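Below is one structure, written out as structure tokens, with a few remarks after it.
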Amino acid sequence: MTGGDLTRLVALSALWGGSFLFMRLAVPEFGPAALVFVRVAGAAALLMPWLLWRGEAAALRAHWKPIALVGLVNTAVPFTLFAVAALALGAGLMAVFNSTAPLWTALIAWAWLGQRPGLWPAVGLGLGLAGVTGLSWDKAQLQSGGLPISPALGIAACLAASVLYGLAANLAKRRLVGVPPLAVAAGSQVASALLMAVPALWFWPASVPSATGWASAAVLALACTGLAYALYFRLIADVGATKAVSVTFLIPAFAMAWGALVLGEVPTPAMLMGCTVILLGTALSTGLLRPGSWLQRKRL
């Protein structure tokens with residue numbers, strides 16, 4: 001990566017790590033459905049003009065059905081699940097569970113597409129799932145303790161959202177090969193806004209959100225979603241998808257840092273240990289870490 005690529009990678013990690021903070025700040029005032037609608041509608045308003053300027057609207061029209069499906073599975077439902085989880089879990093913990101998405105992507109590819117992992121990716125899947133189990137066991141509580149939902153339900157929502165991200169990645173591999181990434185990004189946000197319009201209207205907050213709530217929702221929509229997509233697709237174009245996915249390893253660190261600085265959420269040793277195990281498993285399962293190649297070089 002060049003210096004510019006690394007700058008974009010760090011900026012993207014900071015934005016996506018910050019999304020968990022802004023969810024925590026905004027969801028108590030908006031509620032999950034209304035917040036997700038504001039988020040995806042704002043992102044669509046930012047991305048659609050860019051799509052039109054690039055002259056790629058025809059791709060959106062030609063592939064609107066699979067793009068809408070990806071919007072449902074990759075945006076509308078998982079964004080709602082993470083917004084629900086934000087009612088009970090800290091920003092850093094949500095980001096750690098979010099980092100399991102590549103693990104679920106590999107598992108679904110194995111079960112659905114027959115892409116059987118090799119030895120080290122299989123070890124990585126086992127490690128990642130062990131980390132998830134340990135972290136969930138440590139944090140899950142069945143009682144809400146005064147929170148709107150219980151931590152156990154929040155963890156279940158995070159993991160369900162991450163599984164959906166894995167499903168969406170495999171759907172895109174099957175249904176959207178060759179479609180411009182910006183068309184998928186913009187179209188999925190538009191589809192999600194349409195899908196969330198009725199739930200948002202039904203559950204729109206009775207009290208007008210504060211200026212802080214609106215500001216958090218605006219940053220979540222325009223920066224953490226719209227601008228983040230722009231950075232992500234620029235990275236994919238410049239360095240490839242494999243290197244771009246390394247953003248997964250930086251998001252939890254930024255989310256923990258934002259949570260600690262703004263909300264006073266101090267990561268626990270168990271949380272840091274679980275995060276380390278999950279990210280190691282992710283590195284092995286995605287091929288970013290290849291011990292076999294390293295051992296071969298050592299022999300030479």
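Residues in segment 168-200 that are over 17 Å from F79 (Cα atoms) and assigned to a helix (DSSP H, G or I): N170, L171, A172, K173, R174, R175, P181, L182, A183. Exactly one residue among V27, V77, V96 is in contact with a helix residue (DSSP H, G or I) (Cβ under 7 Å, 6 or more places away or on another chain), of a type in the set (V, I, T) and surrounded by fewer than 24 Cβ atoms within 10 Å (Cβ to Cβ), and that residue is V77.
When segment 105-114 is limited to residues that are exposed (fewer than 15 other Cβ atoms within 10 Å of the Cβ) and in contact with a helix residue (DSSP H, G or I) (Cβ under 9 Å, 6 or more places away or on another chain), the one that is nearest to V163 (Cα to Cα) turns out to be W112.
Over 15 Å from A183 (Cα atoms) and touching a residue at least 40 places away in the same chain (Cβ under 8 Å) - does that describe any residue in segment 41-55? Yes: one or more hits.
Scanning segment 173-193 for residues that are in contact (Cβ under 8 Å) with a residue 24 or more places away in the chain and over 19 Å from the mean Cα position of the chain (by Cα) returns R174, R175, L176, V179, P180. You will find that of A270, A260, the residue that is at pLDDT below 80 and either in contact with a Cys (Cβ under 9 Å, 6 or more places away or on another chain) or under 19 Å from A88 (Cα atoms) (or both) is A270 and no other. Report whether or not L135 is modelled with pLDDT of 90 or more, more than 28 Å from G187 (Cα to Cα) and not basic (K, R). Against the criterion (modelled with pLDDT of 90 or more, more than 28 Å from G187 (Cα to Cα) and not basic (K, R)), L135 does not qualify.
Among the residues here, R61 does not qualify as assigned to a helix (DSSP H, G or I) and in contact with a Phe, Trp or Tyr (Cβ under 7 Å, 6 or more places away or on another chain). With respect to P102, is the statement that it is at pLDDT below 90 and surrounded by 23 or more Cβ atoms within 10 Å (Cβ to Cβ) true? Here the answer is yes, as P102 does meet what is asked.
Scanning segment 211-235 for residues that are within 16 Å of V262 (Cβ to Cβ) and among the hydroxyl-bearing types (S, T, Y) returns T212, S216.
Considering (1) buried (at least 24 other Cβ atoms within 10 Å of the Cβ); (2) over 26 Å from G187 (Cα atoms); (3) at pLDDT 90 or above; (4) not β-branched (V, I, T), the lone condition that R39 does not fulfil carries the number (2).
The values are calculated or read from the model by the stated rules, or taken from the named source; none is laboratory data. The structure displayed is predicted, hence computed values, not measured ones. Note that each Cβ is placed from the backbone with ideal geometry, even for glycine, and that neighbours are counted across all protein chains shown.
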